[in-house]
Each structure stands twice: as C-alpha cells, then as structure tokens.
Amino acid sequence: MEVKKEKEIILRPHHGMCFNFYVGKGYSKDFTDHMGKVIKFLYDNPDQLICVKSDTDVVCKNCPNNEAGQCKGQRKVIKYDNRVLKTCKISNGSKMTYQEFRKIVKKEILDKGLRSKICGDCQWNYLCN
Ligand code: SF4
C-alpha cells in the first residue's frame, strides 16, 4: 500500500514511540513492510500534518490485528496511547507536523528514559531496550 502526502494523516500516539525502534519486525511481513514505508515517508516529509489520535491509524491499516477498523488489543493500545498523551502533555486529536510530534516524544519520553514505563509490557519490548 502506497503512503503519500495527504492534507492530514492520523497517527496513534504510541506509534510515535514505536517508530524510533523499528528494525523490520512485526506482526506479519505485510505489516512490517508497510510500517517501514510509513516511517520513511514521515522522515522524508517532516512537515506532513498529523492528527495525534488514539484510533486506527496509517500504521494499523495493514495490521492483522485490525479487525474491521478496531485493534484486537484495543485495551492495551489505548492504555499506551493515553500514557503518551499524558506524558507529552498533549490532548487526543491534537494537530501538528510530524516533526513537531517527533520532537515532543523525544524530549518528554525518550530523553527522560520513560519509554518502558509506558509500554514495558508490550510483546515487542525486547526490541526497544
Ligand atoms: S491494529 Fe493494534 S496492534 Fe495493529 S498496529 Fe494498530 S494498534 Fe498496533
């Protein structure tokens, strides 16, 4: 699936952390290939407007856990999303460029070593340590 410039792209708050640790692993090849494309697109287009929203997003599109637009692990991912929003002091549905969001996540979570407090029980946690 092609990732292209749009007026606005929805991004789940916790995916702003996941992007920093992407090593090509994930739920399926289709999923990881697509996630790699999303990450490359956003790194190449840091001025892309995003809506930081706890909802099915551009990454979820190709995920086998996405069942009719809802994540099978809904409860857990919403918990991660809410923790990211709270730690970054931004509200659900905030709009900003990808570059701005990336900087906030780095400053408020990654640089402070808070990542594992937010999603330490994720099945992929070992990739991010
Ligand atoms: S559907 Fe769920 S598991 Fe899949 S990428 Fe989205 S939040 Fe993650």
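Readers should treat all values here as calculations from the given coordinates under stated rules, not as data from a laboratory. Because the structure is a prediction, the values reported are computed rather than measured. Cβ coordinates were reconstructed from backbone atoms using ideal geometry, including for glycine residues, and neighbour counts include every protein chain displayed.
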Exercise. Can you sort C128, C18 so the residue with the fewest Cβ neighbours within 10 Å comes first?
Worked result: C128, C18
For this session: Pull out the extension gain between K106 and N129, defined as 0.36 nm times the separation in residues minus the alpha carbon to alpha carbon distance; nm, one decimal.
Result: 6.8 nm
For this session: Could you work out the Rg to Rh ratio of the chain, with Rh taken as the Kirkwood radius (inverse of the mean 1/r over all Cα pairs)?
Result: 0.92
For this session: Run down the lysines and flag those whose C-alpha is under 24 Å from the C-alpha of K37, throwing out any fewer than 8 positions away in its chain.
Result: K4, K5, K7, K25, K29, K53, K61, K72, K95, K103, K106
Problem set entry | Computed [θ] at 222 nm, helices only, for the chain once each DSSP H run of length n ≥ 4 contributes -39500 (n - 2.57) | -11000 deg cm²/dmol
Seminar exercise, completed: Connecting every pair of Cα atoms under 10 Å apart in the chain and solving the GNM, the largest mean-square fluctuation among F21, F31, F101 falls on F21
For this session: Using all C-alpha to C-alpha distances in region 53-129, build P(r) with 5 Å bins and read off the rounded percent in each one.
Result: 3, 14, 22, 25, 23, 12, 2, 0
Exercise. Which is farthest toward the positive dipole end of region 9-120 among H15, C60, C119, measuring Cα position about the Cα centre, with Cβ charges +1 (Lys, Arg) and -1 (Asp, Glu)?
Worked result: C119
Seminar exercise, completed: Per-residue Cβ contact counts at 10 Å, fewest first, order Y80, Y22, Y43 as Y43, Y22, Y80
Exercise. What list do you get for D57, D47 if you sort them by fewest beta carbons within 10 Å?
Worked result: D47, D57
Problem set entry | Within region 9-120: Cβ-based charge dipole about Cα centre, in debye rounded to nearest 20 (Lys, Arg +1; Asp, Glu -1) | 480
